[in-house]
Amino acid sequence: MSTIKIVGQALPNIPWEDRTKPGQGPMWRYSKNPIIPRDLIPTSNSIFNSAAVPFEGKFAGVFRCDDICRNMVLHAGFSENGVDWNINHETIKWIMDDEEVEAPTYAYDPRVCWIEDRYYVTWCNGWHGPTIGLGWTKDFKEFHMVENTLLPYNRNGVLFPRKVNGRYLMFSRPSDTGHTAFGDIYISQSEDLVYWGRHRYVMGPQQPWESTKIGAGPVPIETTEGWLLFHHGVLTSCNGYVYSFGAVILDLEKPWQVRYRCKPYLINPRELYELAGDVPNVTFPCAALADAPTGRITIYYGCADTVTGLAMTQVDELYDYIKKNSSV
Ligand code: BMA
């Protein structure tokens, strides 16, 4: 087994369960999935593709709760253990520090990233088409929205948890107005989280399971061997899109350089709650918790655009698997 280590904080209360049955790869599902039902709050049609982070010794998050009118909206939530959630019944009301920044016409697929002194939220923001919205909070009560990071059309904006070579970094996936039938992952750089440029190409579809399009998933995890990025990939079947997810190791200093890329997916739709729902056949990761001392990683992923599940892995086992099965 490799000596890879997660570079980061201890999270001794990470939601965790050892593998309960043998599986094909290095990742396994939580046996009590799904952890968040679709109707946890009175107005929700579905709760999925959501982001959880450690917060004041417990957990907080930003949740995609499509409502029963089918508006795509974000809610804040809190949890003692990362598994059982209390989600606010009210949507997040953004405070606009600049009155010219327009409120989202829709908001979905949030990611939350602690950088320096606050939690930043990125999401797919409705603003003359989908683009990457940016906001921040310190307490998950008051949320500030700032300028959109990029122009439409874009999705899957994911920040890095620290500057790299003096610059903030963000993944994105340029797209179109609809259910985009293409998509590669890029990195953009910024000195102030306002002006984004120095765009770099990271990677595009490769294996059959991701042959239509790919997009960054959770905030990347820093390890001694590089940035660990989970990404979703889409296959177009005769019955529509199938969303699975896999992993890559990116160079620490130049994360647009792919060191290892896992050929097989890690999780694909195969449990009933992943196969059946508002959009069948979707597993879509938006957050990962990591406990540096033990190497435990727990992923939050949306299932069939309806409910939320957890998947678990150990960083050393995962890294060995990615290396052994790498296409690069
Ligand atoms: C993508 C996004 C995701 C969703 C997926 C499957 O384009 O809208 O939020 O999970 O499609 O419907």
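Pairs linking a residue in region 272-284 that is within 16 Å of Ile214 (Cβ to Cβ) and of a type in the set (D, E, K, R) to a residue that is near the ligand (Cβ under 10 Å from one of its atoms) and modelled with pLDDT of 95 or more, with Cβ atoms under 7 Å and 6 or more positions apart or on different chains, do not occur. Among the residues of region 106-120, those identified as free of Cβ contacts under 8 Å to residues at least 60 places away in the same chain, surrounded by fewer than 19 Cβ atoms within 10 Å (Cβ to Cβ) and within 18 Å of Ala76 (Cα to Cα) are Tyr106, Arg118. When region 40-70 is filtered for residues that are of a type in the set (S, T, N, Q) and within 16 Å of the ligand (Cβ to nearest atom), the ones remaining, listed by number, are Ser44, Asn45, Ser46, Asn49, Ser50. Do the conditions hold for Thr223, that is, is it buried (at least 19 other Cβ atoms within 10 Å of the Cβ) and closer than 30 Å to Cys65 by Cα? No, not satisfied.
Exactly one residue out of Thr122, Thr137, Thr91 is on the phi < 0 side of the Ramachandran plot, within 15 Å of the ligand (Cβ to nearest atom) and not small (Gly, Ala, Ser), and it is Thr122. Does Arg19 meet the test of being away from the ligand (no atom under 16 Å from the Cβ) and either touching a strand residue (DSSP E or B) at 6+ places or on another chain (Cβ under 7 Å) or without any contact (Cβ under 8 Å) to a residue 60 or more places away in the chain (or both)? Criteria met by Arg19. Which members of region 22-36 meet the condition of being without any contact (Cβ under 8 Å) to a residue 40 or more places away in the chain and farther than 16 Å from Leu266 by Cβ? Result: Ser31, single match. Scanning region 56-76 turns up one or more residues that are within 19 Å of Ala290 (Cβ to Cβ), modelled with pLDDT of 95 or more and touching a Pro at 6+ places or on another chain (Cβ under 6 Å). Of the numbered criteria (1) crowded, with 24+ Cβ neighbours inside 10 Å; (2) under 25 Å from Met203 (Cα atoms), the one Ala311 fails is (1).
Taking the listed residues Asp97, Asp84, the one that is away from the ligand (no atom under 16 Å from the Cβ), modelled with pLDDT under 95 and within 19 Å of Phe140 (Cα to Cα) is Asp97, with no other qualifying.
The requirement of being under 17 Å from the mean Cα position of the chain (by Cα), part of a strand (DSSP E or B), surrounded by fewer than 24 Cβ atoms within 10 Å (Cβ to Cβ) and not hydroxyl-bearing (Ser, Thr, Tyr) is not satisfied by Trp123. Taking region 223-250 as the range and being polar (S, T, N, Q), over 16 Å from the mean Cα position of the chain (by Cα) and closer than 16 Å to Gly183 by Cα as the test, only Thr236 passes. Out of all the residues in region 144-151, is one or more over 24 Å from Ala290 (Cα atoms) and within 14 Å of the ligand (Cβ to nearest atom)? No, that holds for no residue.
The values are calculated or read from the model by the stated rules, or taken from the named source; none is laboratory data. Fair warning: this is a prediction, and the values are worked out from it, not measured in the lab. Cβ: placed from backbone, ideal geometry, glycine included. Neighbour counts: every protein chain shown.
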